[in-house]
Amino acid sequence: MESNIKRSFYLRDGLKVAKDLLGKTLVRVKDGKRYAFKIVETEAYLGPDDKGAHTYGGKPTARTKPIFDEGGITYIYLIYGMYYCLNIVANEVNIPHCVLIRAVEPLDEESLVYCKANRPIKSKKVQDLTNGPGKLCKALEIDKFLNEIDVTKEGALYIEEGETPKEIVTDKRINIDYAEEYKDKEWRFYIKDNPFVSVLKK
């Protein structure tokens, strides 16, 4: 069954998709159970000119091949050899845009308990479970097995409609000092005053 969000939503510029994904519901299905999370923070990566993007230079590799595909699929990669990051591919074929999902908020108690089981932490702040790209992938059991899946269709991981944010904050992306002039692009977006946002604007 198709989710509420159609393919056409993703076949647009990555900046638009990054902003419009805020408030949408990321659904994780595991062992027949459905867990729901509000997307509260995103970052756009707009190769081949974007020096912060994996697609800088415009030549696909075995790892980056999904980003060159049609929007609406996942692109999942490993950083520091230990943390997975979830991206949603945007735009048309061979226009390699993608959106990093930086933070999510559990929408019910069952989803929160699921996160705690997968990512036990000492902090008593529930937001510390999913307020970062590596954290949320650990908490939601997202790894390379979910790479290149279609998020427009119900399955192990997909995206549904949600609440439209009242106010969105625009800021610089995180930890891309190597990106030269592109490190200052304000291509990160988050829902204002949401406690699950990873880094607040200074």
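Would a scan of the range 39-52 turn up a residue that is closer than 19 Å to GLY155 by Cβ and over 18 Å from the mean Cα position of the chain (by Cα)?
no
Being open to solvent by less than 80 Å² (accessible area, probe 1.4 Å) and under 11 Å from ALA103 (Cβ atoms) is true for just one of LEU129, LEU140. Which residue is that? If you could, list the steps in order and put the result at the bottom.
Values: LEU140 fails: under 11 Å from ALA103 (Cβ atoms).
Exactly one residue qualifies, and that residue is LEU129.
Name the residues in the range 21-51 that are under 20 Å from ASN194 (Cα atoms), acidic (Asp, Glu) and surrounded by fewer than 20 Cβ atoms within 10 Å (Cβ to Cβ), would you?
Answer for the range 21-51, where residues must be under 20 Å from ASN194 (Cα atoms), acidic (Asp, Glu) and surrounded by fewer than 20 Cβ atoms within 10 Å (Cβ to Cβ): there is none.
Pairs please, first residue from the range 100-120 and within 30 Å of GLU186 (Cβ to Cβ), second anywhere and acidic (Asp, Glu), Cβ atoms under 6 Å, 6+ apart in sequence or on different chains.
LEU100/GLU43; ARG102/GLU41; ARG102/GLU43; ALA103/GLU41
In the range 120-136, which residues are in a loop (DSSP other than H, G, I, E, B), at pLDDT 95 or above and touching a Leu at 6+ places or on another chain (Cβ under 9 Å)? Steps first, answer last, please.
Within the range 120-136, the first condition is being in a loop (DSSP other than H, G, I, E, B), and the residues that meet it are 120-125, 130-132.
Add one more test, that the residue is at pLDDT 95 or above, and what stays is 130-132.
Within the range 120-136, THR130 is the sole residue that qualifies.
Quick one: what pairs do we get from the range 3-19, first residue open to solvent by 60 Å² or more (accessible area, probe 1.4 Å), second outside any helix (DSSP H, G or I), C-beta under 6 Å, 6+ apart or different chains?
Once the first residue is open to solvent by 60 Å² or more (accessible area, probe 1.4 Å) and sits in the range 3-19, its partners that are outside any helix (DSSP H, G or I) give ASN4/GLU160; ASN4/GLU161; ARG7/GLY72; ARG7/THR152; LYS19/PHE189.
Which ones in the range 156-178 are modelled with pLDDT under 95 and open to solvent by less than 30 Å² (accessible area, probe 1.4 Å)?
ILE176 - this is the single residue of the range 156-178 that is modelled with pLDDT under 95 and open to solvent by less than 30 Å² (accessible area, probe 1.4 Å).
The rows are residues; the columns are (1) over 26 Å from VAL169 (Cα atoms); (2) of a type outside the set (A, V, I, L, M, F, W, C); (3) free of Cβ contacts under 8 Å to residues at least 24 places away in the same chain; (4) touching a helix residue (DSSP H, G or I) at 6+ places or on another chain (Cβ under 6 Å).
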site: TYR45; (1), (2), (3), (4): no, yes, no, no
site: PRO48; (1), (2), (3), (4): no, yes, no, no
site: ALA53; (1), (2), (3), (4): no, no, no, no
site: GLY58; (1), (2), (3), (4): yes, yes, no, no
site: LYS65; (1), (2), (3), (4): yes, yes, yes, no
site: PHE68; (1), (2), (3), (4): yes, no, no, no
site: GLY71; (1), (2), (3), (4): no, yes, no, yes
site: LEU86; (1), (2), (3), (4): no, no, no, yes
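Got at least one residue in the range 75-85 being part of a loop (DSSP other than H, G, I, E, B) and under 20 Å from ASN194 (Cβ atoms)?
Taking every residue of the range 75-85 in turn, none turns out to be part of a loop (DSSP other than H, G, I, E, B) and under 20 Å from ASN194 (Cβ atoms).
Which one is surrounded by the most Cβ atoms within 10 Å (Cβ to Cβ) among residues in the range 65-93 that are within 17 Å of the chain's Cα centre (by Cα) and either at pLDDT below 95 or farther than 20 Å from LEU15 by Cα (or both)?
Checking each candidate, the answer is TYR84.
The values are calculated or read from the model by the stated rules, or taken from the named source; none is laboratory data. Values in this document were obtained by computation on a predicted structure and should not be read as measured data. Note: ideal-geometry Cβ built from the backbone for every residue, glycine included; neighbour counts use all protein chains shown. Heavy atoms of the whole protein, side chains included, go into the accessibility calculation; ligands, DNA and RNA do not. Shrake-Rupley method; radii C 1.70, N 1.55, O 1.52, S 1.80 Å.
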